[in-house]
1. Please count how many residues of segment A:76-97 are more than 13 Å from A:Val40 (Cα to Cα), part of a helix (DSSP H, G or I) and open to solvent by less than 60 Å² (accessible area, probe 1.4 Å).
2. Only residues that are assigned to a loop (DSSP other than H, G, I, E, B) and within 10 Å of chain A (Cβ to nearest Cβ): list them for segment B:199-245, please.
3. Look through segment A:299-344, keep the residues that are more than 25 Å from the chain's Cα centre (by Cα) and in a strand (DSSP E or B), and return whichever of them is modelled with the highest pLDDT.
4. Tell me, which residue of segment B:348-366 that is assigned to a helix (DSSP H, G or I) and more than 11 Å from chain A (Cβ to nearest Cβ) is most open to solvent (accessible area, probe 1.4 Å)?
5. Among the residues of segment B:334-344, write down those that are out of contact with any strand residue (DSSP E or B) (no Cβ under 6 Å at 6 or more places or on another chain) and more than 7 Å from chain A (Cβ to nearest Cβ).
6. Checking B:Trp321 against (1) under 25 Å from the mean Cα position of the chain (by Cα); (2) more than 23 Å from B:Ala199 (Cα to Cα): exactly one of these is not met. Which one?
7. Taking the condition over 22 Å from A:Leu262 (Cα atoms), at pLDDT 90 or above and within 18 Å of the chain's Cα centre (by Cα), does A:Ile162 pass?
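The values are calculated or read from the model by the stated rules, or taken from the named source; none is laboratory data. The model shown is predicted, which means the values in this text are computed figures rather than measured ones. When we count neighbours, we look across all protein chains shown, and the Cβ atoms used for this are built from the backbone with ideal geometry, even at glycine. SASA here: full protein model, heavy atoms, side chains in, ligands and nucleic acids out. Shrake-Rupley method; radii C 1.70, N 1.55, O 1.52, S 1.80 Å.
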Amino acid sequence: MSELLFQNPLREGLRLTRWPQPSTIIIFGATGDLTHRKLVPALFRLFVNGLLPVNFSILGFARREKTDSQFRDELLSAVQKDMRSQSDWDRFAASLSYFQGDFTQSTEYQNLRRRLEELEGEQGKPSNRLFYLATPPSQYESIIDNLGAAGMANSGPGWARIIIEKPYGRDLESARSLNKVISRVFREEQVYRIDHYLGKETVQNILVFRFANSIFEPIWNRRYVEHVQITVAETIGLEGRGKFFEETGTLRDVVQNHVLQLLTLVAMEPPSSFDANAVRDEKVKVLRAVQPITEAEVSRYVVRGQYAAGSLLGEKKIGYLQEEGVDPNSATESFVAVRLLLNNWRWAGVPFYLRTGKKLPKKVTEIAIFFKSAPLQIFGPEAVEEAKPNVLALSIQPDEGISLSFDSKVPGPNGRIRPVTMDFRYGTSFGEAPPEAYERLLLDAMIGDATLFTRIDENEKAWQILTPILQQWEESKIRTLPQYPVGTWGPKEADTLIKQEGLKWRRL
Amino acid sequence: MNAEGSTQLPGQPVNLPDVEAELTAFWQGEAIKSKDEAITRTTTLNLIIIVEDENLFQRANQAVPQLAFHHPCRIILALLNPHIKSGKVEAALSVFCQLSLLSGKQICCEQINLQVPASARQDLAGAILPLLLPSLPVYLWWPNWSYFTAKEFPGLYQAIDRIILDIPATFSSTKALAGFADQAIRLSSDMRVSDMGWARITYWREAIAQLFDSPNNRASLQQLRKITTLQTKKNISSAAFLLSGWLVSSLDWKLPKQWKASNGEFRFRSPNGEETGWRIATKPEKNLDGLYAIELASDEKDQIRFMASLRQGGLLEIETWRSQTLLHKSAHSVPRQDDDRLLCNELDLLQTDEVYLQAIKAVKALLKGSLP
């Protein structure tokens with residue numbers, strides 16, 4: 001939380017209690033897709049909602065030659081749908097400028113520094129700088145080293161922070177090596193590893209649901225919970241990212257970050273406060289408690305697959321191996337299902353089933369807590385068959401909300417039981433649209449609140465869990481993965497995985 | 001209004017004792033229509049609106065759709081109709097649902113309209129209390145000039161968690177403004193108090209606070225000696241008083257024990273014992289009405305001044321000056337200020353707004369010295 005807030009007595013009691021200091025955001029890779037699709041629209045929305053500080057500026061850094069005015073013109077289309085008036089854009093555009101240069105050339109950074117000092121001098125603001133690396137990861141090392149060499153990691157009286165986009169490494173070794181590069185130049189508290197999933201309101205609501213209500217906590221453990229399912233399903237395929245995805249795969253692209261982050265939020269102990277480190281300490285403890293899957297256990301507890309040609313919503317779709325940029329003999333997975341156990345008092349013996357994949361029937365992200373059945377069924381043999389265990393489902397997207405299923409008597413003399421669902425939909429309680437994930441995260445980074453960002457130990461621990469799986473896959477030399485037709489819920493091996501314990505995947 | 005002085009209530013007329021039964025029947029009908037899915041509704045609060053004239057009743061009724069969209073709730077809209085001398089409390093029901101684009105789900109709201117004859121004013125609690133949904137906060141929107149007191153509304157007074165007042169934009173006398181401040185302070189000992197007038201000046205407070213976010217400027221807070229508010233007409237502007245009350249209490253300026261305001265100027269002591277003051281200046285400004293600028297200034301040689309001024313086109317300009325040099329200038333859009341929206345925001349809050357209370361207490365203290 002911002003210390004500044006407490007130092008400005010006039011901020012007290014205002015509705016917007018979190019307020020960033022005057023600052024400059026320097027976007028590396030300013031002509032790229034992320035800048036256009038996410039970053040600038042998010043900053044523009046923050047601006048029109050009056051959430052950016054006085055004297056903020058955005059400096060785009062990229063290789064291509066262009067003027068400030070060309071840069072602004074190109075970004076106009078990115079914000080069009082949020083524009084309420086031309087004057088909104090004119091005032092926002094005045095804060096945008098462009099710096100042309102090569103990230104790998106150390107001399108460019110002296111020029112960058114001078115440019116920043118000019119900007120700051122013109123506006124009489126402190127040298128608070130937020131560096132956003134919206135570049136391919138291969139550029140990270142060179143940018144970070146050059147920033148350090150130019151003395152920009154510590155910007156004198158102001159602050160310097162750096163936001164790094166995933167992937168943070170491709171295995172434990174490379175993650176450690178990247179973290180070493182970062183820590184040569186920046187202190188950990190200056191580093192904001194972004195996982196946009198954590199910026200989603202409903203992901204944050206998991207913590208509120210668990211820790212602002214007292215009725216769920218007593219049953220949130222091995223005594224009442226039978227198992228937990230976490231699903232992150234996408235309907236899209238590679239979307240032109242074939243080359244990138246071939247080197248990555250679903251385990252690295254989604255499980256290492258989004259899925260394990262959801263696991264930590266649902267399984268963590270209550271933090272002592274909502275302070276960044278208190279929350280992240282508890283999340284790391286969950287990752288530390290994950291029972292390692294040995295290489296020998298991988299085939300038993302992990303399933304991977306690739307989508308095959310099929311049809312989705314009435315449209316024929318090609319298979320993974322036919323996608324552009326994909327090796328026809330590729331063994332890169334587009335689907336993963338994993339069973340994990342947590343070795344701690346709360347969760348010992350409760351299996352956590354995680355599944356994620358591309359070209360599945362629905363875009364849905366959900367955490368489902370399956371509770372144990374009633375210890376004795378007193379309503380006769382029919383009821384035993386009809387009664388279902390309670391399921392508490394935390395839906396993250398697209399239909400954010402919480403639903404609880406429970407058994408209810410069917411009206412009439414038959415004594416029949418039927419499960420019914422009680423739905424709470426976020427949108428039916430709060431008509432306001434929640435802010436986009438990037439808005440929240442950019443604002444937090446400007447304020448200096450790292451709660452929703454991944455810490456170095458979280459990042460490395462997550463890689464440590466997955467490394468034996470990656471190694472076993474590497475060593476097994478299997479070239480043909482289980483297939484699942486586009487528009488289905490993954491290969492049949494995924495059903496077998498969960499059936500080992502007499503369970504089945506929740507129908508979504 | 002019809003011939004007997006009674007207002008046609010919107011919705012389906014219903015006997016007051018049958019309201020709950022009618023609503024239950026309605027939702028059961030909906031459940032049957034939806035076949036397999038259990039019907040569940042989210043309700044976040046009870047909102048009581050009590051108005052004393054038909055214009056306010058129509059205004060409140062028009063605000064309901066937006067309120068309901070942001071806050072699925074039960075609304076009890078009561079018109080205390082002075083034109084009906086006797087008779088029973090009349091009731092009418094409406095239930096409306098709106099599709100949320102966010103969730104694709106219906107957001108539903110139950111609206112119970114009541115018309116209470118002048119003679120039945122004392123019966124209002126007996127009409128409203130049975131209609132409140134249990135375990136949910138009770139908000140009262142009180143947009144009237146008159147006072148809401150435990151004596152006049154026994155039973156109902158105790159049920160309110162938060163009252164939303166609406167300070168008039170101007171007052172005919174400082175006595176009337178002091179009366180309003182008095183009411184807000186008195187109510188705050190029994191319930192939480194909001195004020196739509198306070199919400200309307202939030203953007204001024206945001207802009208002024210923003211000036212002092214930078215550490216350099218923050219140091220100047222200690223050096224501030226003069227507040228000047230500029231308004232278009234010579235009148236008692238509640239916005240000017242609330243803003244000054246807020247600044248005076250936030251900066252911890254104290255009034256001397258014996259004092260009297262003169263020529264629209266109020267004198268204080270800063271925490272360091274320096275003399276400080278607030279001056280109300282009147283200067284017509286084309287196309288603007290009411291309070292349009294506020295200046296905060298130090299009085300040392302190398303004077304620093306902070307200005308926030310409304311401009312045409314819905315902009316609020318803020319400037320920082322040292323001596324005669326402009327150090328910084330920026331412009332902000334004045335946010336959309338319609339009352340329905342502000343009221344929606346007020347319903348988001350349940351906690352006590354201590355800063356408002358301090359500000360209104362400061363206003364009351366100021367007025368003590370200026371009252372005849």
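1. Number satisfying all stated conditions: 3.
2. Within segment B:199-245, B:Phe212, B:Asp213, B:Ser214 meet the criteria.
3. A:Ala308
4. Selected residue: B:Lys361.
5. Within segment B:334-344, B:Arg336, B:Gln337, B:Asp338, B:Asp339, B:Asp340, B:Arg341, B:Leu342, B:Leu343, B:Cys344 meet the criteria.
6. Checking B:Trp321 against (1) under 25 Å from the mean Cα position of the chain (by Cα); (2) more than 23 Å from B:Ala199 (Cα to Cα), the one that fails is (1).
7. Taking the combined requirement at face value, the residue satisfies it.
Residue by residue, here is whether (1) more than 14 Å from chain B (Cβ to nearest Cβ); (2) among the acidic types (Asp, Glu); (3) open to solvent by less than 70 Å² (accessible area, probe 1.4 Å); (4) more than 17 Å from A:Pro41 (Cα to Cα) holds:
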position: A:Phe99; (1), (2), (3), (4): yes, no, yes, yes
position: A:Ser106; (1), (2), (3), (4): yes, no, yes, yes
position: A:Arg114; (1), (2), (3), (4): yes, no, no, yes
position: A:Ala134; (1), (2), (3), (4): yes, no, yes, no
position: A:Pro167; (1), (2), (3), (4): yes, no, yes, yes
position: A:Arg176; (1), (2), (3), (4): yes, no, no, yes
